[in-house]
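K.L.:
The following block contains the structure, expressed as structure tokens.
The values are calculated or read from the model by the stated rules, or taken from the named source; none is laboratory data. From a predicted model like this one, the values you see are computed outputs, not experimental measurements. Virtual Cβ from ideal backbone geometry, glycine too; neighbours counted across all protein chains shown.
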Amino acid sequence: MLNDPLANVLNTIYLASKAGKAECIVGPVSKVVLKVLTIMQENGYIGDQEVIDDKKGGKIVVNLIGTLNKCGVIKPRFPVKLENFEKFEKRYLPAKGFGHMLISTSKGLMLHEQAKEQKVGGRLIAYIY
């Protein structure tokens, strides 16, 4: 039994990327996992993804393109206000302007840059660089 499916998915993608594989199969599928993978794809960290329904929670085939350095979840899910983003950027990202943090806000899951533009806070979910 998995306690954190998102952590399992991101760890599987990270390890497959470091091993030099062209694709990996992750699961189970959820709305949060799909949204995180979509954001990663839009920002050029992973390639296409295909959902496979196996009647047990589903699986996703993720094409890896080799641009991922590190990804992971942020535990515990810290609440963050608009003025505190920089503190967490220093903690989870290697350099200013390099990488992204995913934030769960009242307006949906988004990158921390988008949350700054829209002037909303939320909960930290994951980091990618």
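K.L.:
Which of the residues belonging to the range 8-22 are under 14 Å from Met40 (Cβ atoms) and of a type outside the set (A, V, I, L, M, F, W, C)?
P.N.:
Once the filter is applied, which keeps residues that are under 14 Å from Met40 (Cβ atoms) and of a type outside the set (A, V, I, L, M, F, W, C), the range 8-22 yields Asn11, Thr12, Tyr14, Ser17.
K.L.:
Another question about this same structure. Among strands (runs of 3 or more DSSP E) lying entirely in the range 1-113, which contain 3 or more residues that are farther than 16 Å from Ile125 by Cα and either modelled with pLDDT under 95 or over 13 Å from the mean Cα position of the chain (by Cα) (or both)?
P.N.:
Fully inside the range 1-113 and qualifying: 23-26, 46-52, 59-64.
K.L.:
Further question: Any residue that is surrounded by 11 or more Cβ atoms within 10 Å (Cβ to Cβ) and without any contact (Cβ under 8 Å) to a residue 24 or more places away in the chain - is there at least one of those in the range 68-81?
P.N.:
No, because not a single residue in the range 68-81 is surrounded by 11 or more Cβ atoms within 10 Å (Cβ to Cβ) and without any contact (Cβ under 8 Å) to a residue 24 or more places away in the chain.
K.L.:
Within the range 55-67, can you find the residues that are charged (D, E, K, R) and either in contact (Cβ under 8 Å) with a residue 40 or more places away in the chain or under 19 Å from Leu6 (Cβ atoms) (or both)?
P.N.:
If the condition is that a residue be charged (D, E, K, R) and either in contact (Cβ under 8 Å) with a residue 40 or more places away in the chain or under 19 Å from Leu6 (Cβ atoms) (or both), then Lys56, Lys59 are the ones that fit.
K.L.:
Mind telling me which of the residues Gly20, Gly58, Gly44 ends up being on the phi > 0 side of the Ramachandran plot and either surrounded by 13 or more Cβ atoms within 10 Å (Cβ to Cβ) or hydroxyl-bearing (Ser, Thr, Tyr) (or both)?
P.N.:
Every option except Gly58 fails the conditions.
K.L.:
Select from the range 112-124 the residues that are in contact with a helix residue (DSSP H, G or I) (Cβ under 7 Å, 6 or more places away or on another chain) and within 19 Å of Asn69 (Cβ to Cβ) and list them in ascending order.
P.N.:
His112, Leu124
Residues checked against (1) assigned by TED's automatic domain parsing to the domain that holds Ser17; (2) of a type outside the set (D, E, K, R):
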position	(1), (2)
Lys56	yes, no
Lys59	yes, no
Lys87	no, no
Gly97	no, yes
Lys107	no, no
His112	no, yes
